[in-house]
1. Please state which one of Ile682, Ile703 is under 25 Å from Glu124 (Cα atoms), assigned to a loop (DSSP other than H, G, I, E, B) and among the β-branched types (Val, Ile, Thr).
2. Among (1) modelled with pLDDT of 90 or more; (2) in contact with a strand residue (DSSP E or B) (Cβ under 9 Å, 6 or more places away or on another chain); (3) of a type outside the set (Phe, Trp, Tyr), which single condition is Ala275 missing?
3. Need a quick list: helices (runs of 4 or more DSSP H) entirely within the range 418-483 having at least 2 residues that are surrounded by 14 or more Cβ atoms within 10 Å (Cβ to Cβ) and either at pLDDT 90 or above or in contact with a strand residue (DSSP E or B) (Cβ under 9 Å, 6 or more places away or on another chain) (or both).
4. Over 21 Å from Ala774 (Cα atoms) and either among the acidic types (Asp, Glu) or in contact with a Pro (Cβ under 8 Å, 6 or more places away or on another chain) (or both) - does that describe any residue in the range 699-707?
5. So how many residues does the range 674-720 have that are touching a helix residue (DSSP H, G or I) at 6+ places or on another chain (Cβ under 6 Å), within 16 Å of Thr905 (Cβ to Cβ) and among the hydrophobic types (A, V, I, L, M, F, W, C)?
6. Inside the range 367-382, can you point out the residues that are part of a helix (DSSP H, G or I) and either more than 26 Å from Arg322 (Cβ to Cβ) or assigned by TED's automatic domain parsing to the domain that holds Leu447 (or both)?
Amino acid sequence: MAFERQDNVREYYRRITEVDIGAVARELLGAHVLHESDRLLQCDCPNHSSQSHRSLHVMLDKQGWYCFGCGVGGDVLQLVEFIQSGQVTRGQSGPMPESHQHARDFLAAKVGLPSLAKHGLSPEELAEAEAERLVELRVHDVLTALAEHYHGRLKDNPEVLEWLRSKYGLSMETVDRLLIGYADNDGDEGIVRKLTCKERRFSPRDLAASGAFRPTNQDGLDPFFDRRIVFPYWSRGRVVFMIGRKTPWTPDKPWEQGKYKKLPVHDENTRKHIAPCIDNSHLYNEDCLLADPERLIITEGVTDCISLMEHGIPAVSPVTVRIREADWERLLPRLRNVKTVYVCQDNEISQAGLNGALKTAAVLSEHRIQTRLAVLPLDERRENARRELRERFALDAAVGARELAKRLDGRTSDEIREAERLLSEAKIDVNDYFLAGHSAQDFEDLLAKAETPLEFGISHLPTDVSEEERNRLLEPILREAAYLSPLEQNRHLKLIQERFGKTGLSLATLRDQVRAVQKEQRSQAQQERKREKRSSDASPGSCRARIEEVLLATEEERGSPDFTLAAEAAYEWFAAHGARFFRTPQGEPFMFFEDAILWMDTPDRGRKRLYASLMYKHTGMVQTTGGGRTFYEVLSNLAVERGQVREHFSWLHTDVARETVYFNLNNTDHEIAKITPEGVEILKNGGNADGIILDGSRKMAPIRFLADADPAEADRLLVELLLDNLTCAPGDRVLILSWLSCFLLIDFAGTRPMTRFEGPAGSGKTTASKLISALLYGEPQQKKSTDAANYTDGSQNPLIVLDNIEVKQMTEDLTTFILTSITGIAKEKRKSGTDTETVIERTKCLLNTTGIEPLGGELAEILSRSFIIRFDMDEQASDCFLEAKILAALREHRDLIVSSLMKRTSHLLAMLRAGAQEKVMRLLHRSLGNHSKRRCNDYLSLMYLMMLAGEQEEVIDRALEELHPQFVGRIATLNSVSLETARESNPIATCLAALFKAYRHALEADRESTALNVAKTNKAAFLERYQLDFRNETTVEGALARDLFVAVKRLSKDFGLSFSMNSVQQFAQRFSNDLDTIRQAGFEIAVNRSEHSVRRTATYDITFLV
């Protein structure tokens, strides 16, 4: 059964409140049930003491209850809540009480439903559904209070009460039990004032939402019913609808001319102020179906239904002439439990009641519910009235007062009044039947004579029509007869023959026609069997069942299954069951379903496999078949076409403007942590008011946030398990921890500096990487992988550890990956399988590498954004390091440590809101100036604040006035190490040093040479090859960048040095960029620019100082 989400919740509540209140009361109250009758359980209330011990009444016929001592009542759901907690949820504002939720879950288990919280709703949708439920309770409370008031007004008015009882023959007990009332509204605002008083606490909005009051242009309210008898419709102990019957005291106004006025219902265009729960779907006395009666009477009018109820006969009556198509789905399951359903409508000239009865009976018969049509007999007086109407006034249909006036235009007023009297006499309904003196036994006799719809159809076949028309009218009757057993079939065929006469229609002809119908039916049944044979055991209501239904239907209709329509049906099924579809700004479709993000069109094999497995689970479709390919492609296209545009959020999402961080905890409850300056709040991933959906990390073990995590204990554990086991300088250990602790704040910094652990083999650098990755992930996560895998890893996880990365592993692709990771920029590349589409690869992670050799010194972009930490076993603090034991302890205490880091992050966010990061940035500039790690200042400021998080306010204030000396010292050490690395590994400096040494060797060789008449000296050969002008053996003068490039390029080739630059432009830019580093490597460089040169080309004077 497919419902929109709101209707789904309404259906959920309908099903749980259909549980029989008597059975629930007996189960929960047990010995407290002291007296029982057909209509009532009298119980000792468990929530107050009383002398009678019978103040709690459970009304079996109304499926409601009321405690006279506590002054509360309601339906079966409220009874469970009252017994369990002593509370009753009404239409109060605010969140739904837990007592209501527990009672709801109790009844849901009774009918085999899950908790509403697990019914495919997000938390915000659940909150919205519960708010709608509270509005529904509030509105029904208004109608119940109004019914009580109108009932009191009826009893206060003997004249109206007598009119009601005499007209309908109702007992006073029935009037009281059903709270039948009289709409005497005490003036214009009397009833409104009473219902909005302090005791009632209804608001004018509540009254308008009930439909029983109409808003006026002056912001007032007018009662909808005026001087009418009001019949409340009861459902589960509450009034859910009303209908008003005109009386002699009803005002003679144009809008009051109708005999009955039904409560106006919700309409999105004209009556939005009326609550959606006010509709005309309820049957009068529908609760009687909960008792599964053996028989049931469906009548046309509410007073007919009440008359049958008074005579002890189960009956219902729709608000309209017949049951609406939209309500059959709800009613048919209940009606199948009834042995025989009798349809007894009004017998009137217009035949409207009979036509309605036939349509109702047809629906019931179609669903194989045994149905009988009971026709109320006309007495002589009514037959005479009908004949007189036809003969005197040419009236053969019931009409209203206005239509009657038109039809009898030109007649005298006496004649019109006479026609009105005859119209009233010509009709009979159930209430009239009993008022005429008939008893319950008389009605039982009438039911005994009731005909099946087929018998009724045969008995009412016209005999004075043409043979062609007769055959047309016989078709549906013979089709129904074909389903009967041979004996029943023969009996009905004889009835047809008797209707038309033996000479008019022979039995043989009728049997031939039935055989033809049966042959057609067998053919249809064969087709149905083929359908069943092709169908699987997919559970009803599942996506797979819906897809198979569409495929079978289209195959029968068109000759082949339509997988496009199947995909559209699947999309609608997923959407109706909580799935949400999205596309990225680049057009990549993904869906959020079952608390997971699923990529629908991705080259990533892992993501593709997850999506394919879910599709197979719910649809049975595989992508490798022709139809499967179409299905998957259409489903993806629908997501792109109809889905919301949303940037993909990975494991982390940051709202920088609001200082808010969302972190996927990756646990089985699909929780995410919302970290703000106010604290840490745990939300449902995808189902939260903020609309945040985060992707999960494939590496990260689940995290449980511990609200009571002690930061002091977490710090002690970090020292014991992490810091004391790092074989680097103590200051560097703190630096590593503060770097790692800011992993949730990477979006607050443009640069995410890489940590590089360097040291000889066995120095403990790999162990350090294991420990920091185990802290975040729960297990060590060092790796060596492809560059493509690195990008995927970096977009889904907070930390990447690349172990044993040396210079020879630094390919162009790996260098690009490191640069994009530490700078936060994206890489765009061609999408696999296409020549026109591209994909964006963007990482959101911290990066750690280990190795023996200095890494990336030739690239200032990497070096200036790297924290190089030297490892040496001489720095070992612990004399007993058991790796397995330490890793196990990290896993055990990980929730505590990470929860503490989240709390510290919250404190840091509060400092960011107060402008602390800007203060630290200024302090860094003032204290360190244009230092080599200045590109990391934003992340360094976060690290500094993380060290302060949780400290006393005065400590923080002092630290924001001047940087702590130890922190400045650690940055100075980082700068020193980087400068040393840059000097030692700069390729230009290395080649220049080799160039000057080669020139010196050439000069020395000439001085030491004893050869005579040498054709070319070593100096001349050197200058010819390298094309530079040396002033002396330590200085080159006036060299252009192109001259230096040619010389250095040739020398690197001659001496086998590493030099990757391939153009003068590249060299010139790099040489200019690296001047400071080259000077620190032992060179004095003067840059000369001619003022007269148009392009201001520079020349260089270079002196080698070593």
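1. Values: Ile682 fails: assigned to a loop (DSSP other than H, G, I, E, B).
Unique residue meeting the criteria: Ile703.
2. Answer for Ala275: the failing condition is (2).
3. Values: elements: 430-435, 440-448, 453-459, 467-481.
In the range 418-483, the matching helices (runs of 4 or more DSSP H) lie at 430-435, 440-448, 453-459.
4. Pass one, the range 699-707, residues over 21 Å from Ala774 (Cα atoms): 707.
Those left that are additionally either among the acidic types (Asp, Glu) or in contact with a Pro (Cβ under 8 Å, 6 or more places away or on another chain) (or both): none.
No, because not a single residue in the range 699-707 is over 21 Å from Ala774 (Cα atoms) and either among the acidic types (Asp, Glu) or in contact with a Pro (Cβ under 8 Å, 6 or more places away or on another chain) (or both).
5. The total comes to 7.
6. Within the range 367-382, Glu380, Arg381 qualify.
For every residue, the table says whether it meets (1) out of contact with any strand residue (DSSP E or B) (no Cβ under 8 Å at 6 or more places or on another chain); (2) not assigned by TED's automatic domain parsing to the domain that holds Arg716.
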| site | (1), (2) |
| --- | --- |
| Glu861 | yes, no |
| Arg865 | no, no |
| Leu882 | yes, yes |
| Ile897 | yes, no |
| Ala910 | yes, no |
| Ala916 | yes, no |
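Residue by residue, here is whether (1) under 47 Å from the mean Cα position of the chain (by Cα); (2) modelled with pLDDT of 90 or more; (3) surrounded by fewer than 22 Cβ atoms within 10 Å (Cβ to Cβ) holds:
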residue	(1), (2), (3)
Thr820	yes, no, yes
Lys831	yes, no, yes
Leu855	no, no, no
Ala860	no, no, yes
Met873	no, yes, yes
Ser878	no, no, yes
Ser900	yes, yes, no
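The values are calculated or read from the model by the stated rules, or taken from the named source; none is laboratory data. The structure presented is a predicted model; accordingly, all values stated were derived computationally and were not measured. Using ideal geometry, Cβ is built from the backbone for each residue, glycine included, and neighbour counts are taken over all protein chains shown.
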